[in-house]
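Below is one structure, written out as structure tokens; comments come after it.
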Amino acid sequence: MMFRGCSRIGVRGSSLMSFGARYNSSAATTPSTKSFLSPEQFMEKTKQQQLEEEQYKQELLSPNFEYSPQLVSKDQVDPISKRPVPINVELLQYKPIKLAKTHGHKVASITIHGYEREELDRAAEFAARAAFYLGIPCGSPTNLRVKEKLFTVIRSPFAQAKSKENFKKYTYGRKIVAYDATSEVVDVWLSFINKHKLEGLQYKSFMYSREPLDFAKQLEGLTAEDMQMPAAFEGVDDPVSQKVQELLKSDTFKKYFDEK
């Protein structure tokens, strides 16, 4: 017999916005000879990437989004909505698309535990698809070791007290690892998953960051004015972010922060 239900741990998400790795379809299929860029070409490529990233950031911060989905075929119309089927809806019938890794740096991982394998697969595929649309290279969901727990109880407290009955509880798990993305994009990803998490599943996330050797000195040089919420939280109707902004602007916080 299997026990149902489990506790839930929410995925933490704090700040927003930025950009992930761009998808290169040829990088995942055919190997290419490595070519070296000249200093002028490297500077030009860097400037182009910075412009694309800034444009992408502004598009994410913009409150107005133009809805112009790419279509599989304009002639293929959904019989219920009477509209053409968008590509992202068509892709739900296939396995999640993965982006090619650029450096292979591990930036985050999500572990999901539950009692239903179907629900676990659904949650893991949802996280993988969200990573693809955010431009985050993500590995395939992997199976974790099945946890088995045995419970032995008596059938009755009276005449049948010596008769025992066994119950087993199986806990299944899935793990997803993300690579080569900035902390802002990872926060967006985790926040989106936390917002649309499935009931009855336990989520746990781990984030990994790389800091310079003088990171401690940089922390010592911070002032209360440097502690600000990301621009993406401006105008967001979220009670938690509003309370954090109120705390950062308070005189009490500035007083005790400067006394560190």
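Residues in the stretch 171-202 that are assigned to a loop (DSSP other than H, G, I, E, B) and either under 14 Å from the mean Cα position of the chain (by Cα) or free of Cβ contacts under 8 Å to residues at least 40 places away in the same chain (or both): 180, 181, 182, 196, 197. Scanning the stretch 135-171 for residues that are exposed (fewer than 12 other Cβ atoms within 10 Å of the Cβ), at pLDDT 90 or above and of a type in the set (Lys, Arg) yields 145, 147, 149, 168. Scanning the stretch 194-214 for residues that are at pLDDT 90 or above and under 15 Å from residue 105 (Cα atoms), we see that the one that is surrounded by the fewest Cβ atoms within 10 Å (Cβ to Cβ) is 206.
Tell me yes or no: at least one residue of the stretch 154-164 is in the same structural domain as residue 205 (by TED's automatic domain parsing), in contact with a Phe, Trp or Tyr (Cβ under 8 Å, 6 or more places away or on another chain), of a type outside the set (D, E, K, R) and not in a loop (DSSP other than H, G, I, E, B). Checked against the condition, which is being in the same structural domain as residue 205 (by TED's automatic domain parsing), in contact with a Phe, Trp or Tyr (Cβ under 8 Å, 6 or more places away or on another chain), of a type outside the set (D, E, K, R) and not in a loop (DSSP other than H, G, I, E, B), the stretch 154-164 yields no hits at all. Within the stretch 79-88, the set of residues being farther than 22 Å from residue 129 by Cα and modelled with pLDDT under 80 comprises 81, 82, 83.
The values are calculated or read from the model by the stated rules, or taken from the named source; none is laboratory data. Given the structure is predicted, the values throughout are model-derived calculations rather than measurements. FYI the Cβ positions are ideal-geometry reconstructions off the backbone, even for glycines, and counts take in every protein chain you see.
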